[in-house]
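Read through the structure below, which is laid out as structure tokens, and then see the notes.
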Amino acid sequence: EMFGQLHSPAFFEEILDLTRTGLTGEIPTEIGRMTSTRELRISQNIFLGTLPSEIGLLDQLTRLEIMYDRLGGELPSELNLLTNL
């Protein structure tokens, strides 16, 4: 479960920028539903756990920023599906 507040404008149809928003917890698997997202920026939060494999469903991604979080474990092999990165 993810906790925190989102300050508008965080989401613009194709760009989701959650950088330094103070979000904590695990990244929800529902992230895979955001299939029109081209840029996902989730750096500098307090995310725990691993990057969910559902990230591989975001086949429109051209940019993925996940720096300075507290994620652990191995990167999901589904990242190989993101050929536009």
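Assuming a ≥ b ≥ c are the square roots of the Cα gyration tensor eigenvalues, decide whether the range 22-85 counts as rounded (a/c under 1.5), prolate (otherwise, with a/b larger than b/c) or oblate. Kindly include the intermediate steps, with their values, before the conclusion.
Values: a/c = 1.68, a/b = 1.49, b/c = 1.12.
Judged from the Cα gyration tensor, the range 22-85 comes out prolate (a/c at least 1.5, a/b above b/c).
Applying the Karplus parametrisation 6.51 cos²θ - 1.76 cosθ + 1.60 with θ = phi - 60° to the phi angles of the range 33-42, what ³J(HN,Hα) value in whole Hz is obtained for each residue in order, glycine and proline being reported as x?
Result, ordered by residue: 7, 8, 5, 8, 5, 9, 10, 10, 10, 10 Hz.
Every number here is computed from the coordinates shown, using simple stated rules; none is lab data. If you're wondering where the values come from, they're calculated on a predicted model, not measured in any experiment.
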